[in-house]
1. With n ≥ 4 as the cut-off for DSSP H runs, can you work out [θ] at 222 nm for the chain, using -39500 (n - 2.57) per run divided by the number of residues, rounded to the nearest 500?
2. Go ahead and set up a Gaussian network model of the chain, Cα springs under 10 Å, then flag whichever of Gly170, Gly58, Gly47 fluctuates most.
3. Please report the net charge: other residues with Cβ closer than 11 Å to the Cβ of Asp30, K and R +1, D and E -1.
4. Go through Arg130, Arg97, Arg221 and list them by solvent-accessible area, largest first, probe radius 1.4 Å.
5. May I ask for the distance between the Cα centers of region 8-38 and region 94-130, given as a whole number of Å?
6. With label points built 7 Å along Cα→Cβ from the Cα atoms of Phe161 and Arg81, find their separation and express it in nm.
7. Can you tell me how region 74-125 classifies by the Cα gyration tensor, rounded, prolate or oblate, using a/c under 1.5 as the rounded cut?
8. Would you mind calculating the gained length between Arg233 and Glu168 on full extension (0.36 nm times residue separation, minus the Cα-Cα distance), in nm to one decimal?
Amino acid sequence: MSTDATSAKSPFNASTERVERVLCFTAHPDDIDFGAAGTIAAWTAAGVQVSYCIMTDGDAGGFDADDHHAITDTRTEEQRRAAAIVGVEDIHYLHERDGYLEVNHVVMKQVVKLIREIRPQIVLAMHPERNWDRIQKSHPDHLAVGEIITRAVYPALENPFAYPELAEAGLEAYKLPWLWLFAGPESRENHFVDVTGHVEQKLEAIRVHASQHPDLAAMERTVRGMLGHNGRRAGLPEGSSAEAFHVVSVNGSRTIAGF
């Protein structure tokens, strides 16, 4: 599978890597649409099976105090509709409390279980490092997702003696090839995906999360500006749009067990 991607520093060659399944982890409904909906639209258009796992229900989100009792149902439906716009139907929730997500073995075990079930070539998640240039990217739940996923991917996912009850239930250890992280510091980003042809899908998906955006016009201007900034950083033609990731090779040709 090939996606239109570019970066001199990237370890990932989109023209040669075989990608059939991708599993995305985020903290809240709408995180994935801001971070990677363009890339996901490109993947699904190429026949890649993309799944989402959202760790909280987004129960602390929204702005309307009168209707806040229904915010979980609202956000779940928003995420379902937004996912469908970019070709995703498989959505999982861990039902952690919004704003209280923590790194612990209860959550890590659920993550390992789901990755072993789906066995993707790419796990995409939020970055564990704080972005001091734009701290809004670094909600504590976002950072927790990054740390949970990073710890789950190595070593627990590929260690048959980690959470042994999973292996006993038939979910064998799995060596993940690639970890893609988003919303981290720009200095960490080493891979850009040209999403110029999917900007409108991305914005349409974001607009669905109306409960979270009191000013949709300002949101759209900001997103377009960020995509254009990434396009320039990637060295794409003027007017192009890109999404940026920190791509990590977890298990590749140079990987040695235990190193």
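The values are calculated or read from the model by the stated rules, or taken from the named source; none is laboratory data. Small disclaimer: the values here were computed from a predicted structure and weren't measured. Glycine also receives a Cβ, built like all others from the backbone with ideal geometry; neighbour counts cover every protein chain displayed. Just the protein is used for accessible areas: all its heavy atoms, side chains included, with ligands, DNA and RNA removed. Shrake-Rupley method; radii C 1.70, N 1.55, O 1.52, S 1.80 Å.
1. Working: 7 runs with 91 residues, N = 259.
Helices in the chain give a 222 nm mean residue ellipticity of -11000 deg cm²/dmol.
2. Gly170
3. Details: positive: Arg75, Arg207; negative: Asp31, Asp33, Glu78.
Result for the neighbourhood of Asp30: -1.
4. Values: Arg130 90, Arg97 135, Arg221 160 Å².
In descending accessible area the options line up as Arg221, Arg97, Arg130.
5. Taking the Cα centre of region 94-130 as reference, the centre of region 8-38 is 15 Å away.
6. Here the modelled spin labels are 5.1 nm apart.
7. Numbers: a/c = 2.56, a/b = 1.22, b/c = 2.10.
Cα axes put region 74-125 in the oblate bin.
8. Numbers: separation 65, 0.36 × 65 = 23.40 nm, distance 4.71 nm.
So the chain would gain 18.7 nm between Arg233 and Glu168.
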